Amino acid sequence: MSAFTRWEFAFLILFLLWMQWETAFASPSNMKAPWPGGLTYRCNQGNNGSFSHDTPQSIYAWDFGMPLGTPVVAADSGTVYQIGYKANGYGNYIVLKHQNDFFSIYGHLSEVTGQLRAFIHQGSMVGFSGSTGNSTGPHLHFSMIDAKGFSLPSQFCDIGIPKEGNFYTSANYPLSQRIQFHKKTQPKPG
Ligand SMILES: [Zn+2]
C-alpha cells in the first residue's frame, strides 16, 4: 500500500471493475454452436476463408456443412431482428439481436421458423438448414455482425474458433421432442 495513496488505490479498484465490466459485456461470451447439442458437423469455411469469407460482411463468418433440414438454433438468447431472402446472398436468413447491439446471422436456411421481434432462448430453433441463395450445397452460414451487417470477430464457448476442415460437436441444448429434423427435403426459397 505504501506505493499508493488511498485515492490512487480507490481509482485503481474502480478501473479494474470497469475493465471487468467491459470484458463481460463487450462480446457475447455465452455463444454456443448454432445447432443442437451432441451433433457434430464440419467447418467447411472459417474466418477469412478464401472461398467467400473475404468481405467486411463475412470475414469473421463460418460455414458448417450439415444435411438439409437440420435444426438451426440460437447461438445465444436474443430477439428476432430481421428475416429476409437474398437470392444472390444469404438465401433465407434470420438475424437475432443480442445485448449491447451484437447480432447473429444464420444464412442459406431452407426455412426460417422464428417470428419477427420474438424472443428466442439460446438453443431454441430459428430455422432449418438448407442451400438457398448463393450456396453450392447444404450448409449453415453463421456470423456475429454489427447493426450495419459487418461481421465481428467472435468465438463460441463450446467449440472455440472453428477452423476449416475440422469437425465440431455442439454443447448447445440437445434435440428434443419439440426440435426435430425437418420432414421436408426441398429448399424453400423466399
Ligand atoms: Zn459463408
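Every number here is computed from the coordinates shown, using simple stated rules; none is lab data. The shown structure was predicted, so the numbers you read here are calculated from the model rather than taken from an experiment. Glycine gets a Cβ as well: all are built from the backbone with ideal geometry, and neighbour counts include every protein chain shown.
For 173, 60, what ranking results if the residue with the fewest other Cβ atoms within 10 Å of its Cβ goes first? Could you put the intermediate results ahead of the total?
Details: 173 17, 60 20.
Going from least to most buried by this count: 173, 60.
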Cα-based count: Lys pairs in the chain below 16 Å, eight or more positions apart or different chains?
4
Could you run the Karplus curve 6.51 cos²θ - 1.76 cosθ + 1.60 with θ = phi - 60° over region 100-115 and give me ³J(HN,Hα) per residue in whole Hz, x for Gly and Pro?
6, 6, 9, 10, 10, 10, 10, x, 6, 5, 6, 7, 9, 10, x, 10
Using Cα pairs under 8 angstrom and six or more residues apart, how large is the relative contact order of region 31-169, in percent?
32 percent
Who wins for biggest fluctuation among 15, 167, 51 in a Gaussian network model of the chain, springs between alpha carbons below 10 Å?
15
Convex hull of the chain built on C-alpha atoms - directionally averaged projected area, nm²
13.1 nm²
